[in-house]
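Readers should treat all values here as calculations from the given coordinates under stated rules, not as data from a laboratory. This is a predicted model, so every value here is computed, not measured. Neighbour counts are summed over all protein chains in view; Cβ atoms, including those assigned to glycine, are modelled from backbone coordinates with ideal geometry.
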Ligand code: AMP
Ligand code: GLY
């Protein structure tokens, strides 16, 4: 099978690596890809939102399966365009990707189908939102409705902060059209867990759990980022919690989407908060998490193409997912200053060791080859250094050891990825 992967981050590198291990894989292309992905796939210089060019490329190369990794093209309807051209594609259609594309949609869905989530109200109008905030309880959470690179969520401790937040989202339009609507929701406390799943429209299969570290600084301080590190499995995701989620959240979401005439095929990412009153959904994403994919996929024993084809064909009930009985930790190497201002174009060295050491992976996010063919930094998140171990403590030690192999001038990382494991 010839494959085209759409995207350019660490997630797409992890997907490409899994695909390259499949005995079914023929040629593997990635658009636009990055320097690391070019080791396992042929990168083609087409952007993830250039739908016409992507469809033409897929037709010309007679691609057997397109895999859309990123949220923007999914929400924008790339899967529909590919299917209209007769190309098999893994990922939700536009009418299902709205599960991630609109927080108001996903909240209304959860309410209608009694899926546990934070209490909320939706607003199209800044005045009404401000009025509501006058009598609300604090802290409170404001969310821009649409996609905002994971940054459209504001946690406000006071009424003043919340009023400022409404201005930022709905009037100043800091997150663009994503802020035409807003969800205001109850603030919840608890541990967060990311659970990824494969879905074929009716059947759902859960992958091993993971936990992300979203803030830029140690001790969960500083600005929100795309994710500074992950570990899998999460020891806080117990069997009891798994049973509860299977009963009230996972299948219920898949059934709700089908009942709404929006069957979901692809990956649903459940962002859960384990509250005192039980697990609740923080958010849904319509794709693999990044960097969650970097710790979950290396542990998956299944042939990823077999699973993805089963999703496309509605035959996921014939598949059982299997994960290695071990753990993985990913530490993101970022550019100093991320997520605000940082330098790019700095040479990276020391990656050779990942080619020979079993159980160690270096997934590329923001990298490229410069005009001299030198590997250089090309983004805020540069690399995801992942290592496996027999348990989380060993995996964490291996991952931090491997971060020392890699050098670039403005290398920055968090030193406390997976520290919560030590509390156990
Ligand atoms: P989201 O993009 O919806 O996952 O939100 C980003 C982050 O904001 C989450 O990972 C949580 O840490 C936090 N968050 C979102 N919603 C809530 C909530 N209702 N209560 C507390 N924290 C929240
Ligand atoms: N790591 C969080 C996300 O992919 O949205």
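Structure data summary
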read-out	value
Estimated FRET transfer efficiency (residue 53, residue 238; beta-carbon r; R0 41 Å; 0.05)	0.30
Percent antiparallel among DSSP beta bridges (both partners in the chain, rounded to 5)	80
Relative contact order for region 37-137, counting Cα pairs under 8 Å that sit 6 or more residues apart, in percent	17
Proportion of all alpha-carbon pairs of region 380-424 beyond 15 Å (%)	45
Region 249-352: C-alpha gyration tensor shape, a/c 1.5 cut-off, then a/b vs b/c	prolate
Nitroxide proxy distance, nm - points 7 Å out along Cα→Cβ at residue 221 and residue 372	3.8
Footprinting exposure proxy for 49, 110 (fewest neighbouring C-beta atoms within 10 Å first)	49, 110
Rounded Å value of the spacing that divides the Cα centres of region 192-240 and region 394-424	17
Ranked list, fewest to most other Cβ atoms within 10 Å of each Cβ, for 309, 52, 324	52, 324, 309
Listed residues 363, 270, 51, most fluctuating in the chain (Gaussian network, C-alpha, under 10 Å)	51
Amide N proximity, region 50-76 versus residue 313 label position 7 Å along Cα-to-Cβ, cut-off under 14 Å	65
Ratio Rg/Rh, restricted to the chain and using Cα atoms, in which Rh is the Kirkwood radius	0.95
Whole-number D in µm² s⁻¹ for region 149-259, Kirkwood Cα-pair radius fed into Stokes-Einstein, 37 °C, 0.692 mPa s	195
The chain: most fluctuating residue of 372, 302, 326 per GNM, C-alpha cutoff 10 Å	372
Neighbour-count order for 112, 167, fewest beta carbons within 10 angstrom listed first	112, 167
Cα-based equivalent ellipsoid of region 74-172: semi-axis lengths in Å, sorted from largest, via gyration tensor	32, 15, 10
Inter-centroid distance (Cα atoms) of region 254-282 relative to region 345-360, Å	37
Contact order normalised by residue count of the chain, Cα under 8 Å, 6+ apart, percent	16
Distance between region 6-37 and region 64-142 - C-alpha centres, whole angstrom	26
Using a Förster distance of 60 Å, the FRET efficiency for residue 24-residue 134 (Cβ separation, nearest 0.05)	0.55
